[in-house]
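Readers should treat all values here as calculations from the given coordinates under stated rules, not as data from a laboratory. For clarity, every value in this text was computed on a predicted model and none was experimentally measured. Reconstructed Cβ throughout: ideal geometry from the backbone, glycine too, with neighbour counts over all protein chains shown.
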Amino acid sequence: AQSVTQLGSHVSVSEGALVLLRCNYSSSVPPYLFWYVQYPNQGLQLLLKYTSAATLVKGINGFEAEFKKSETSFHLTKPSAHMSDAAEYFCAVSSPARDDKIIFGKGTRLHILP
Amino acid sequence: GAVVSQHPSRVICKSGTSVKIECRSLDFQATTMFWYRQFPKKSLMLMATSNEGSKATYEQGVEKDKFLINHASLTLSTLTVTSAHPEDSSFYICSASLSTDTQYFGPGTRLTVL
């Protein structure tokens, strides 16, 4: 079975500081990994995805994530936080070798401090 | 980019009535659509996988007679919450699959059952 664990339900960083949102996954087959962002009362927007190509994945809005198989991690980073980054972030995993289902983590609320 | 719409965005209904939520892929054909439910401050819970022309596959614990899903065409899937009760109040999100590594999410529908 697949699962995703996001460490920290809330993360606060100062504007301009490094953003680091942690995600660890569990999968018995090569996974696809995703980060989604959700603004209040809206659906999900894909930030980036890992699909077995380059381990360092660059996404939209300056975010990037690195797939580390040895650590079963897929942490999301951004060098300099902006106020508009305040949102809920979800890490997710799927195994296309089996089906298209995406399993989501519980989410991390990112707060940006002025 | 691929766009998925949901209608309505918000609905308030009386207990005991049924509510239909539509999910449309506007500029692509989606053989598979997914329905999720999101509880306040929680992650997304996959309810069912909907394939065009066939019966939906429900996740464990989801009542198929309660949540009726119809995938009538390659661009439309509907979720009907039958005999709604206050505990059915939630944020319902659909997604449409363009490929095995890409799902596009709708903006969500906020259901409030009085």
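Residues whose amide H falls under 5 Å from that of A:HIS111, counting only those 5 or more places apart or on a different chain, are A:VAL11, A:SER12, A:VAL13, with hydrogens built in the peptide plane.
If you take all other residues with their beta carbon under 12 Å from the beta carbon of A:LYS78, and give Lys and Arg +1 and Asp and Glu -1, the sum is -2.
Return the unpartnered cysteines for chain B, using a Cβ-Cβ cut-off of under 4.7 Å. Flagged as lacking a Cys partner: B:CYS13. Treating region A:1-108 as a set of equal point scatterers at the Cα positions, no solvent, please give the Debye-formula log₁₀ I(q)/I(0) at q = 0.11, 0.19, 0.23, 0.24 Å⁻¹. Debye output, listed in q order: -0.31, -0.93, -1.34, -1.45.
Working from label points 7 Å from Cα in the Cα-to-Cβ sense, the B:ASP65 to B:LYS41 distance is 3.5 nm. Taking Lys and Arg as +1 and Asp and Glu as -1, the other residues whose beta-carbon sits under 15 Å from that of B:GLN38 total +3.
Counting only other chains, and only Cβ atoms inside 10 Å, what mean value do you get across the residues of A:47-56? All intermediate terms of the calculation are to be shown ahead of the outcome.
Values: counts 0, 0, 3, 1, 4, 1, 0, 0, 0, 0.
Other-chain Cβ atoms within 10 Å of each residue's Cβ, averaged: 1.
Sorted from longest to shortest, the spans of the Cα atoms of the protein assembly as shown along the three principal axes equal 49, 40, 32 Å.
For the protein assembly as shown, a simple Cβ point-charge model (Lys and Arg +1, Asp and Glu -1, everything else neutral) yields a dipole of about 280 debye relative to the Cα centre. Around the amide H of A:PHE67, modelled in the peptide plane, lie the amide H atoms of A:LEU56, A:VAL57, all under 5 Å away and 5 or more residues distant in sequence or on another chain.
The alpha carbons of region B:41-114 occupy a box of 37, 26, 22 Å along the principal axes, longest dimension given first.
For the peptides A:34-41, A:55-62, residues were scored by their other Cβ atoms within 10 Å and the scores averaged per peptide; the highest-first order is A:34-41, A:55-62.
Amide H contacts for B:ILE21 (H built 1.01 Å from N in the peptide plane; partners 5 or more residues away or on another chain; cut-off under 5 Å): B:LEU79, B:THR80, B:VAL81. If you take all other residues with their beta carbon under 15 Å from the beta carbon of B:GLU22, and give Lys and Arg +1 and Asp and Glu -1, the sum is +3. Toward the positive end of the charge dipole of chain B, with +1 on the Cβ of Lys and Arg and -1 on the Cβ of Asp and Glu, the farthest Cα among B:CYS23, B:PRO107, B:SER77 is that of B:PRO107. When only the Cβ of Lys, Arg, Asp and Glu is charged (+1, +1, -1, -1), the dipole of region A:1-72 relative to its Cα centre reaches about 160 debye. Each of A:THR77 and A:LEU56 was given a label point 7 Å from its Cα along the Cα-to-Cβ line. The distance between the two points is 0.8 nm.
Treating only the Cβ atoms of Lys and Arg (+1) and Asp and Glu (-1) as charged, compute the dipole magnitude of chain B about its Cα centre; round to the nearest 20 debye.
Details: 11 positive and 9 negative charges, 72 e Å.
Using Cβ point charges on Lys, Arg, Asp and Glu, chain B gives about 340 debye.
Comparing B:SER90, B:SER43, B:SER73 in a Gaussian network model of chain B, where Cα atoms under 10 Å apart are tied by springs, the biggest mean-square fluctuation is seen for B:SER43.
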